[in-house]
1. Which length gain, in nm to one decimal place, applies between D28 and K132 when the Cα-Cα distance is subtracted from 0.36 nm times their residue separation?
2. Enter the per residue convex hull volume of region 51-122, computed from alpha-carbon coordinates, in Å³ rounded to the nearest integer.
3. Please compute the alpha carbon radius of gyration of the chain, then divide it by the globular-protein estimate 2.2 N^0.38 Å. Two decimals is fine.
4. Could you quote the convex hull projected area for region 1-74, Cα atoms only and averaged over all directions, in nm²?
5. How far apart, in nanometres, would the label points at T94 and R59 be if each is projected 7 angstrom from Cα along the Cα-to-Cβ direction?
6. Go ahead and set up a Gaussian network model of the chain, Cα springs under 10 Å, then flag whichever of R59, R102, R87 fluctuates most.
7. Could you give the nm distance between label points at N45 and T67, where each point is 7 Å from its Cα heading toward the beta carbon?
8. Which whole-Hz ³J(HN,Hα) couplings does region 51-65 yield from phi under the Karplus relation 6.51 cos²θ - 1.76 cosθ + 1.60, θ = phi - 60°, glycine and proline marked x?
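The values are calculated or read from the model by the stated rules, or taken from the named source; none is laboratory data. Computed from a prediction, not measured in an experiment: that's the story for all the values here. Here the Cβ positions follow ideal geometry from the backbone for every residue, glycine too, while neighbour counts run over all protein chains shown. Side chains are part of the model used for accessible areas, which takes the heavy atoms of the whole protein and leaves out ligands, DNA and RNA. Shrake-Rupley method; radii C 1.70, N 1.55, O 1.52, S 1.80 Å.
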Amino acid sequence: MRITQGTFSFLPDFTDEEIKAQIQYCLDRDWPIAIEYTDDPHPRNVYWDMFGMPLFDIRDPAAIMQTLTECKATFPNHYIRISGYDRSLGRATTALQFIVNRPANEPGFHVERQEMSDRRIRYTIRSYAADKPSGQRYE
């Protein structure tokens, strides 16, 4: 199952040149870049781990691509995303976010349905990958 989170999630995976073009798009708008990773892509898990520090002062997309290459080498079986933050309103607002790396096998999610009182139904989403401990989920 292909995880579809963030901008461009329904498109095929981007090449390095396409990723670099999106990074340049962010930099042209003065949006700082952050590189984040996780092995738990649950839709409500919005707090991924940051790789290094946010790249506030980096204006060269090649330098950001180098940091991304290091992140991919360190976490080859994790989801990795690029986030661009718009700070024009005085707060960090996510303006652009897209996945740039995925594990080879994406097991997907289990949806559990619970019947409640008064004919209400509650759904719970659980990642199949969460059956294994963190760090071993996509090996």
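1. 33.3 nm
2. Taking the convex hull of the Cα positions in region 51-122, it is 160 Å³ per residue.
3. For the chain, the normalised Cα radius of gyration comes out at 1.19.
4. So the Cα hull casts an average projection of 5.5 nm².
5. Going by the 7 Å Cα→Cβ label model, 2.8 nm.
6. Of R59, R102, R87, the Gaussian network model singles out R87 as fluctuating most.
7. Once both label points are built, they end up 2.2 nm from each other.
8. Whole-Hz 3J(HN,Hα) from phi for region 51-65: 8, x, 9, x, 8, 4, 9, 7, 10, 9, x, 5, 5, 5, 5.
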